[in-house]
Amino acid sequence: MFKPQTQLTLVTPGKMVKNRFGDLKPAGEVETVIPVVQWYVSASEESQGDSLQRIIDLLTVYVPVGVDVDPAGVFVLPDGSRWAIQGHGRDYNHGFHGWAPGVLVYEAKKVEG
């Protein structure tokens, strides 16, 4: 089992409220500092076309099991950059080998351009 080495800020949508048209939408954002075992930028991809250059970066974050991470949330790195979480964490704690690392692996994306 790996121990948390650092922290990141997790930003999630606030409580759902009705707007003036009766539609539900989040009221603001909620920031929570969560423990993290490790994080790194795992890949970058560039694309061009229609006079546009787009850079897509992928972030991988290892979070201890039991930490509540909303897949609709955003990770905020120490430099202030915001990364949109791409779904639920991958859980490798139930393998045939019996070893449980105690972390969930999340991926997040940042797009510029």
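The values are calculated or read from the model by the stated rules, or taken from the named source; none is laboratory data. Not measured: the values here are computed from a predicted model. All Cβ positions, even for glycine, are placed from backbone atoms using ideal geometry, and neighbour counts span all protein chains on display.
Which members of the range 56-84 meet the condition of being in a strand (DSSP E or B) and either surrounded by fewer than 14 Cβ atoms within 10 Å (Cβ to Cβ) or of a type in the set (A, V, I, L, M, F, W, C) (or both)?
The answer is ILE56, LEU58, LEU59, VAL61, VAL63, VAL74, PHE75, VAL76, ARG82, TRP83, ALA84.
Please indicate, with yes or no, whether at least one residue in the range 93-101 is on the phi < 0 side of the Ramachandran plot and surrounded by 14 or more Cβ atoms within 10 Å (Cβ to Cβ). Lay out the reasoning, then the answer.
First pass over the range 93-101, keeping only residues on the phi < 0 side of the Ramachandran plot: 93-97, 99-101.
After this cut, where a residue has to be surrounded by 14 or more Cβ atoms within 10 Å (Cβ to Cβ) as well, the list is 101.
Checked against the condition, which is being on the phi < 0 side of the Ramachandran plot and surrounded by 14 or more Cβ atoms within 10 Å (Cβ to Cβ), the range 93-101 yields at least one hit.
For the range 102-113, give me the residue count where each residue is surrounded by 11 or more Cβ atoms within 10 Å (Cβ to Cβ) and on the phi > 0 side of the Ramachandran plot.
Adding up the residues that qualify gives 1.
If you scan the range 85-113, which residues turn out to be part of a strand (DSSP E or B) and over 15 Å from THR32 (Cα atoms)?
Correct list: ARG90, ASP91, VAL103, LEU104, VAL105, TYR106, GLU107, ALA108, LYS109, LYS110, VAL111, GLU112.
If TYR106 satisfies all but one of (1) in contact with a Leu (Cβ under 7 Å, 6 or more places away or on another chain); (2) modelled with pLDDT of 95 or more, what's the number of the condition it fails?
The failed condition is (1).
Which count do you get for residues in the range 79-100 that are within 26 Å of GLU45 (Cα to Cα) and without any contact (Cβ under 8 Å) to a residue 60 or more places away in the chain?
12
Counting just the residues of the range 3-37 that are of a type in the set (A, V, I, L, M, F, W, C) and over 20 Å from ARG82 (Cα atoms), which one comes out modelled with the highest pLDDT?
So, considering only residues that are of a type in the set (A, V, I, L, M, F, W, C) and over 20 Å from ARG82 (Cα atoms), the one modelled with the highest pLDDT is PHE21.
In the list GLN48, GLN53, GLN38, which residue meets the criterion of being loosely packed, with under 13 Cβ neighbours inside 10 Å and either among the hydrophobic types (A, V, I, L, M, F, W, C) or touching a residue at least 24 places away in the same chain (Cβ under 8 Å) (or both)?
GLN53 is the lone residue from the list that is loosely packed, with under 13 Cβ neighbours inside 10 Å and either among the hydrophobic types (A, V, I, L, M, F, W, C) or touching a residue at least 24 places away in the same chain (Cβ under 8 Å) (or both).
Pick from PRO26, PRO64: which is under 16 Å from the mean Cα position of the chain (by Cα) and not charged (D, E, K, R)? Spell out how you get there, then give the answer.
Numbers: PRO26 fails: under 16 Å from the mean Cα position of the chain (by Cα).
Result of the check over PRO26, PRO64: PRO64.
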